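Every number in this text was worked out from the coordinates using simple rules, so none of it is lab data. Here the structure is a predicted model, which means the values were calculated and not measured. Reconstructed Cβ throughout: ideal geometry from the backbone, glycine too, with neighbour counts over all protein chains shown.
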Amino acid sequence: MSLAPLTQRPAWKALQAHHQKIQGSHLRQLFDADPKRGERFSAEALGLYLDYSKNRISDETLKLLFQLAEESGLKARIEAMFRGDKINITENRAVLHVALRAPKGSSIVVDGVNVVPEVHAVLDKMGEFCNKVRSGAWKGHTGKRIKNVVNVGIGGSDLGPVMAYEALRHYSDRNMTFRFVSNVDGTDFTEATQDLDPSETLFIISSKTFTTLETMTNAHSARDWLLKGLGGDAKAVAKHFVAVSTNGAKVSEFGIDTANMFGFWDWVGGRYSMDSAIGLSTMIAVGPENFGKMLTGFHEMDEHFRTTPFEKNLPVIMGLLSVWYNDFFGAQTVAVLPYDQYLKRFPAYLQQLTMESNGKHVTLDGATVDYDTGPIYWGEPGTNGQHSFYQLIHQGTRLIPCDFIAFGHSLNPHGAHHDILMANVFAQSEALAFGKTPEQVKAEGTADWLVPHRVFEGNRPSNTIFADKLTPEVLGRLVALYEHNVFTQGAVWNIGSFDQWGVELGKVLAQRIIPELADKAEPKLGHDSSTNALIRRFRKLKGL
Ligand code: G6Q
């Protein structure tokens, strides 16, 4: 379908005019004018309640944003993704993370093949393997059971597994230790393994391509570490290494038996792969049943996104609100603030999901955009952030839309802790929206000179996502909510959300520099004067 350029679409133009009118309105006025606003501007699905009333919007804003989604062909794009069309056009690939959680018996066809049975075959194989490891039936080279699992991967092959392990730790086998090695900095590997016994340690080498420099470097160090610890018998590798990859040839070359390889497909993007075999560490930690529940949660959100009218569609609403702030208010970031310690790695996970997907400056047709795309996502769990960067959100000069995530029940109830936690999350969105006027500050007896410092302007927008408690299903729904939120944004901006060419240049340049750092003979450096000087200084420090 050929689309009008974004800034030429009627809804875009109408939103520009509308923004002029609404930007002067304060959330105080908007709430005063409609006593039911707090309930009216909410949507609920699958146990996730989204309160989006504390946004700088009116019924008219929403109407125009939904119209923009229509004019942007969002519906057709959603259908194209679910149908398995090759919507990742720069890599000529389908984008089918939704197939990873499709129930047994359903059908999604890619290049004439129904991929759902393949997905379930891998899940079954993962399940069998996990059960063997968890029960102790899988023995290490010296006959001991596996107590430690180390996932070696980076980017999409690391951030999802780390986040999911932390998020679902409550459900994990506490007799086992899980570690994650990603950085090529040798410190990461050393610290992750220094207290582990090699005879009880299993490495999962997670790499779609099995060529990624960081992961291969760490994988080789892991093999050296293991062989050194177990007396050098190369046969030990078979019992202590498994692979998650799409590249069987490279896996064999490394020395891992492909019987112990768990596959996935080129239609799974790295940052969308935590529910594929890349989640093997998650499955070992929480068991196949809980992993299955997480997949059910993902699938439920997929169906919600695919079938629900935009007005009630959680990812669509959130995606459009991001567009609203990003493009009309000039907001550069979105803060994600989970009020649950188990979600401490969720913002880091979202950084990749959102910014690698929508950090693009050309449209699908290759034209340079004349509007802003992907906002910067960041955050920390509450309440820690409150004692750190919230100051700027409350009283700084920048507009920072916030997503608060909260739960009705703690997984670790402890006296008054949960009430205190929840009081804080409710208080923060209230303070951001309504602030404190000079009159209110003065009425407290504050000296005149101090008043400006103690005024809170308010009118700072936020969403609150509220669920009962953090279960595997809820985690699946939450991640899929953000995946489809990102999809919605990308569809409006008409950009390719599923490639990541921007990570290539640095990789190529690093490969060129590696020998220049190691050469015994002074290399002839052909970089700019800054890079040349840095390389020379490093070589000097190395004593070369
Ligand atoms: C994610 C990216 C990227 C990728 C890593 C690891 O969408 O593609 O983060 O996941 O570069 O790649 P491998 O799994 O191939 O090692």
| remark: Taking Cα atoms, the helix 10-22 axis meets the longest principal axis of the chain at an angle in degrees (rounded to 10) of 60
| query | In sequence order, what are the phi-derived ³J(HN,Hα) couplings for the range 102-115 according to the Karplus relation 6.51 cos²θ - 1.76 cosθ + 1.60 with θ = phi - 60°, rounded to whole Hz, with x for glycine and proline? | reply | 6, x, 3, x, 7, 9, 9, 9, 10, 6, x, 10, 6, 8
| Dipole of the chain (Lys/Arg Cβ +1, Asp/Glu Cβ -1, origin at the Cα centre): which of Trp449, Gly287, Tyr52 lies farthest to the positive side? | Gly287
| request: Please list, in chain and number order, the residues 5+ apart from Arg460 or on another chain whose amide H is under 5 Å from its amide H, with Hs placed from the backbone. | output: Ala433
| remark: Filtered hits (aspartates and glutamates, Cα-Cα < 20 Å from Lys524, offset >= 8 within chain) -> Glu516
| task | Output ³J(HN,Hα) for the range 321-328: one whole-Hz value per residue in order, computed from phi by the Karplus curve 6.51 cos²θ - 1.76 cosθ + 1.60 with θ = phi - 60°, and x for Gly and Pro. | result | 5, 5, 4, 4, 6, 5, 9, 10
| query | Say the dipole of the chain comes from +1 at the beta carbon of Lys and Arg and -1 at that of Asp and Glu; which of Val503, Ala222, His120 then lies farthest toward its positive end? | reply | Ala222
| request: Collect residues whose amide H, placed 1.01 Å from N in the peptide plane, falls under 5 Å from the amide H of Val334; neighbours closer than 5 in sequence don't count. | output: Ile376, Tyr377, Trp378
| request: Quick one: which residues, 5 or more positions from Phe241 or on another chain, have an amide H under 5 Å from its amide H? H modelled 1.01 Å from N in the peptide plane, none for Pro or chain starts. | output: Phe203
| Helix 504-518 versus the longest principal axis of the chain: what is the Cα-based angle in degrees, 0 to 90, to the nearest 10? | 40
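Here is the link list: Lys507/Lys540; Lys104/Lys208; Lys125/Lys250; Lys208/Lys293. Which ones come out longer than 30 Å on Cα distance?
none
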| What 222 nm value per residue comes from the helices of the chain, counting each DSSP H run with n ≥ 4 as -39,500 (n - 2.57) and dividing by all residues, nearest 500 deg cm²/dmol? | -14000 deg cm²/dmol
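To the nearest 20 debye, what is the magnitude of the charge dipole of the chain about its Cα centre, counting +1 on the Cβ of each Lys and Arg and -1 on the Cβ of each Asp and Glu?
920
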| note | Total charge of the residues flanking Asn183 in space, meaning their Cβ is under 13 Å from its Cβ, with Lys and Arg +1 and Asp and Glu -1, is -4
| By how many degrees, 0 to 90 and rounded to 10, does the Cα axis of helix 116-135 deviate from the longest principal axis of the chain? | 70
| Roughly how many Å is it from the Cα centre of the range 468-488 to that of the range 230-297, as a whole number? | 23
| field | Under the Karplus curve 6.51 cos²θ - 1.76 cosθ + 1.60, θ = phi - 60°, whole-Hz ³J(HN,Hα) for the range 475-489, x wherever Gly or Pro sits | value | 4, x, 5, 5, 5, 5, 4, 6, 4, 7, 4, 4, 4, 4, 4
